[in-house]
């Protein structure tokens, strides 16, 4: 690997640039016109402007990224997460151009990107799947038959969905009659095709994901992460290991994730996501993310493994540098997603200049950010300001360190979610590890009602 083009922006682009620099690989940042002075654009060895502010005409423009790679002579591209990271056509076109894609094969991306196909592939690998339709449902009559068999409530999901989008939960046949055509129309608008499938909706479930790695012939896991603290199906806090599962469930879940990785001859870093039903001690496959995850730092903290460096090594044609026996999970790590949003205004994005940006430090505190004091939070892209990541020898101490770290955050110029996150860390359900994937929104709704009647 002689030169790496990083097809992303913000903190993940900087994360990749740092790993490449440690390996002695020159880097090229792509950027939109408003991002010319962004931190990631200045961090790389070279910079190429690929389009205007609109992501569709810059960071999502496959032709523009390929042209940039050819112009600078890059022989590898790292897509980060989001944007082009799970576009099979992008991986194929890079391959055709003789440029290494830092990620799995286009075939694996396509297979796992179609949620209905991913379910059937998981079932073939012996990975438990949520009871539901065998594939996309043809229409309302078939959906009603499936729902009657698996029981309500059910989730109607877009086959090409992701990131919590394209999901509708219904509790009755009447609701389902309306939800199916609505979901099909929404899926067509958002993802390009309208196929939807049905799954049983597991109430009070936990969202637990397993980090897997493969080199095409050998496959392993690096433990799991609890990702159940969510708002609008978007994660706000993740921790590793999960406080909600037993060692027996952990071993079964990680083994299932590795079986799925082997089933698709996976190459690089991937995440297999599961729903865990604590009432019945069962877990079910949700989907596989064929890229590095936002929350990968907590896995790095508890295993001592640099996942991005390993991605680059495998993409360069090397075998995995460690075995399953080498993976040891030590202590506990927590990641808090600090967004430039105003919690008092329904989490409205808060772009603007960072007049003051003082972030926490100290033992075992890691800050991943695409911003620094004097730069501006862009109104054009997502509002993630920084990831505050901590580690300690056990969960109570990690929680204490996370509280201390948040108390040190001092931002002037934009609103942030730091006060909201700090409040969440003190909730008894969070302290005791008893939260589930719908807990946070229920707590927020109760608080809103309380304020309205006060």
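Suppose a student asked you for the relative contact order of the chain, using Cα pairs under 8 Å spaced at least 6 residues apart; what percent would you report? Present the calculation step by step, with values, prior to reporting the outcome.
Details: 989 pairs, mean separation 63.5, N = 454.
After rounding, I find 14 percent.
Using a 10 Å cut-off around each Cβ, can you sort 209, 310, 432 from fewest to most neighbouring Cβ atoms?
Ordered from fewest to most neighbouring Cβ atoms within 10 Å, 209, 310, 432 come out as 432, 310, 209.
Separation between the residue 57 and residue 404 pseudo-spin-labels, each 7 Å from Cα along Cα→Cβ, expressed in nm?
In this crude spin-label approximation the distance works out to 4.9 nm.
Can you give me the Cα centroid spacing of the stretch 80-134 and the stretch 392-426 in angstrom?
35
Could you tell me whether the stretch 162-223 comes out rounded, prolate or oblate from its Cα gyration tensor? Rule is a ≥ b ≥ c as square roots of the eigenvalues, rounded for a/c under 1.5, then prolate if a/b exceeds b/c, otherwise oblate. Numbers along the way, then the final one.
Numbers: a/c = 3.56, a/b = 1.81, b/c = 1.97.
Oblate, since a/c reaches 1.5 and b/c is not below a/b.
Is the stretch 131-200 best put as rounded, prolate or oblate by its Cα gyration tensor, with a ≥ b ≥ c the root eigenvalues, rounded for a/c under 1.5, and otherwise prolate when a/b is larger than b/c, oblate when not?
Details: a/c = 1.66, a/b = 1.60, b/c = 1.04.
Prolate shape, in that a/c is at least 1.5 and a/b is the bigger ratio.
Once R0 is set to 45 Å, what does the formula 1/(1 + (r/R0)^6) return for the Cβ-Cβ distance between residue 316 and residue 178, expressed as a FRET efficiency to the nearest 0.05?
Values: r = 51 Å, r/R0 = 1.13.
After rounding to 0.05, the efficiency reads 0.30.
When all C-alpha to C-alpha distances in the stretch 206-450 are sorted into bins of 5 Å, what percent of pairs does each bin hold, rounded to whole numbers?
With 5 Å bins starting at 0, P(r) equals 1, 6, 13, 17, 18, 16, 13, 9, 5, 1, 0, 0.
For a test of the definition: using alpha carbon positions, the gyration tensor, and the 1.5 limit on a/c, classify the stretch 188-250 as rounded, prolate or oblate. Walk me through the intermediate numbers first.
Working: a/c = 1.98, a/b = 1.27, b/c = 1.56.
Cα axes put the stretch 188-250 in the oblate bin.
If you average over every viewing direction, what projected area does the convex hull of the Cα atoms of the stretch 273-327 give, in nm²? Don't skip to the end; give the middle numbers.
Numbers: hull surface 20.7 nm².
Over every viewing direction, the Cα hull of the stretch 273-327 projects on average to 5.2 nm².
Mind giving me the nanometre distance, one decimal, between the label points for residue 255 and residue 330, set 7 Å out from Cα along Cα→Cβ?
Roughly 2.7 nm, to one decimal.
How many nm separate the modelled label positions at residue 92 and residue 445, each set 7 Å beyond the Cα in the direction of the Cβ?
Here the modelled spin labels are 4.2 nm apart.
Over all distinct alpha-carbon pairs, what is the Kirkwood Rh of the stretch 333-454 in angstrom?
With all distinct Cα pairs of the stretch 333-454 included, I get 15.4 Å.
Using helices alone, I'd like the mean residue ellipticity at 222 nm for the chain: each DSSP H run of four-plus residues gives -39500 (n - 2.57), total over residue count, nearest 500.
Helices in the chain give a 222 nm mean residue ellipticity of -10500 deg cm²/dmol.
Just need the Rg to Rh number for the stretch 62-186, please, alpha carbons only, Kirkwood Rh.
1.11
Read the figures in this text as sums done on the coordinates, not as results from a lab. Being a predicted model, the structure only gives us computed values, none of them experimental. In this analysis, Cβ positions are derived from the backbone assuming ideal geometry, glycine residues included, and neighbour counts consider all displayed protein chains.
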